[in-house]
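Structure, as structure tokens:
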Amino acid sequence: MQSEHAATVRCHIGHVHHVNGHLDLAFGAYREALDLAMLAAEVSYENIINLLVVIGSILVQQGKAEDAVEYYTKAQELQEQLGQHDQNVDQPFLGPEVVKEMLGGSFPPCAAAA
């Protein structure tokens, strides 16, 4: 439970940095949120998928598209394992607008975990 709350806090911090254009800080906070979310007793796979996609999006915005592919691939694999395949994850280079649309306009990606 503590990891889940810590992940949510880190996610919100990442969102603040992201909307303010501080991509390095956003990346770090979202990565911490992802690590903490995976340690949580009750893992929200939807939040993990969303975090993977958002981290990939940040990497694309930073000009690191090749690094982003790893995160998108992990998100796609997890979705396929859960039987919730989404055609947008197949696209290796999503922009922030597509990510917002995939998440139903809901940012930050782990808002539902609060």
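The values are calculated or read from the model by the stated rules, or taken from the named source; none is laboratory data. All figures in this text were calculated on a predicted structure; none of them were measured in a lab. With ideal geometry, Cβ positions are generated from the backbone for all residues, glycine too; neighbour counts draw on all protein chains shown. These area figures cover heavy atoms from the full protein model, side chains too; ligands, DNA and RNA do not enter into them. Shrake-Rupley method; radii C 1.70, N 1.55, O 1.52, S 1.80 Å.
Per-residue packing, averaged as other Cβ atoms within 10 Å, sorts the ranges 18-26, 30-38 into the order 30-38, 18-26, beginning with the highest.
When peptides 48-54, 64-70 are ranked by their average number of other Cβ atoms within 10 Å per residue, the highest-first order is 48-54, 64-70. Remark: region 5-16, residue by residue, has Karplus-estimated 3J(HN,Hα) of 5, 5, 5, 5, 4, 4, 4, 5, 5, x, 4, 4 Hz, where x stands for each Gly or Pro and the curve is 6.51 cos²θ - 1.76 cosθ + 1.60 at θ = phi - 60°.
For region 16-68, the carbon plus sulfur part of the accessible surface works out to 53%, probe radius 1.4 Å.
Note that region 6-59 presents 44 Å² accessible area per residue, ligands and nucleic acids not counted, probe 1.4 Å.
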